[in-house]
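Heads up, the thing below is written out as structure tokens.
Readers should treat all values here as calculations from the given coordinates under stated rules, not as data from a laboratory. Remember, it's a predicted structure, so these values are computed and weren't measured experimentally. For neighbour counting, all protein chains shown are included, and Cβ atoms are generated from backbone atoms with ideal geometry for every residue, glycine included.
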Amino acid sequence: MRGKNSTIGVMESKFADKVWEIAPVPSSVLVKWAAESLNWANTTTYTVLRRLCEKGLFKTEHATVSVLISRKDFYANECVKFIDANFDGSFSEFFDAYITKKELNEDDVEAVKEYLKDRGLI
């Protein structure tokens, strides 16, 4: 990603989710959707879109917005940055903190086991 600070806020995230859902999409469609769904003025939509493009998520060409990085890849990068910044890069410390506040159910535990098994880690 291009931008140094690629983190996005809650409203940017809602807008980005819509772009990821329907791209490639004319920017006019996004302006209409944001006005109806987020109660944004046209200028707000174009400002947020410009910021997301500067952060390397999307690009606008000939009034059409397309994806440069998938939603999954963007949030995977954000997770890594969060763990690096807050847990000295230790996934086990992050995981321990997570499960201290949010108990995993049997389905979650099985999904984690299956994920690790599929990647040859257990």
### Task
For an R0 of 30 angstrom, estimate the FRET efficiency from the Cβ-Cβ distance between Asp108 and Asp88 and round to the nearest 0.05.
0.75
### Summary
In degrees, nearest 10, the alpha-carbon axis of helix 42-54 is tilted away from the dominant principal axis of the alpha carbons of the chain by 50 degrees
### Task
May I ask for the net charge around Met11, where only other residues with Cβ less than 12 Å from the Cβ of Met11 are counted and Lys, Arg are +1 while Asp, Glu are -1?
+1
### Message
Using only Cα atoms and rounding to the nearest 10 degrees, what angle (0 to 90) does helix 71-87 make with the longest principal axis of the chain?
### Response
50 degrees
### Query
Between the helical axis of 106-118 and the dominant principal axis of the chain, each derived from Cα atoms, what acute angle in degrees is found, rounded to the nearest 10?
90 degrees
## Note on the structure
With the charge dipole of the chain built from beta-carbon charges (+1 for Lys and Arg, -1 for Asp and Glu) about the Cα centre, the Cα from Val80, Thr60, Val19 projecting farthest to the positive end belongs to Thr60
### Length-normalised contact order of the chain in % [C-alpha pairs under 8 Å, at least 6 apart]
22 percent
#### Entry: Length-normalised contact order of segment 8-72 in % [C-alpha pairs under 8 Å, at least 6 apart]
38 percent
